[in-house]
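Asks: Starting off with a structure, shown below.
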Ligand SMILES: [Zn+2]
C-alpha cells in the first residue's frame, strides 16, 4: 500500500521516501524519581489508534529533514483533529469581530 506525505520542504512525495519516527508522545519525563520500568514504558510502548494522531517522519530520500504531521493511520490521510475550545464544545467562533 502506498500513500503520499507532504514534506514541509519538498511537498507531496511517495511514502517510500520517508522513515516513520513514531507518534508524538509529548515531553520526555523528568529523570528524577523515574524508575527504569517507567522510562522503558515511555520509550518503548506505543499505542496506534484509528484516529488522527501527530507523527514524526524523516525524509531520508529527499531533504533529510525530520518533521511532524497529523495523519489518520486508518485511512493514511493527512488530517488534523477539529480544534476544540477550552469548554470542549467544538470549534470557537470568537475572533471574527466584536
Ligand atoms: Zn523533504
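The values are calculated or read from the model by the stated rules, or taken from the named source; none is laboratory data. From a predicted model like this one, the values you see are computed outputs, not experimental measurements. Glycine also receives a Cβ, built like all others from the backbone with ideal geometry; neighbour counts cover every protein chain displayed.
Asks: Of all residues in region 5-45, which are under 20 Å from residue 77 (Cβ atoms) and at pLDDT below 90?
Replies: 22, 23, 24
Asks: When you scan region 46-62, how many residues do you find that are loosely packed, with under 14 Cβ neighbours inside 10 Å and either within 12 Å of the ligand (Cβ to nearest atom) or within 15 Å of residue 82 (Cα to Cα) (or both)?
Replies: 3
Asks: Of everything in region 72-82 that's under 19 Å from residue 15 (Cα atoms) and either away from the ligand (no atom under 16 Å from the Cβ) or in contact with a helix residue (DSSP H, G or I) (Cβ under 6 Å, 6 or more places away or on another chain) (or both), which residue is modelled with the lowest pLDDT?
Replies: 80
Asks: Still on this structure, please answer the following. Could you grab me the full set of residues in region 7-31 that are under 12 Å from residue 56 (Cβ atoms) and more than 16 Å from the ligand (Cβ to nearest atom)?
Replies: 22, 23, 24, 25
Asks: Something else about it: For region 25-46, enumerate the residues that are free of Cβ contacts under 8 Å to residues at least 12 places away in the same chain and assigned to a loop (DSSP other than H, G, I, E, B).
Replies: 26, 27, 30, 31, 32, 33, 34, 35, 45
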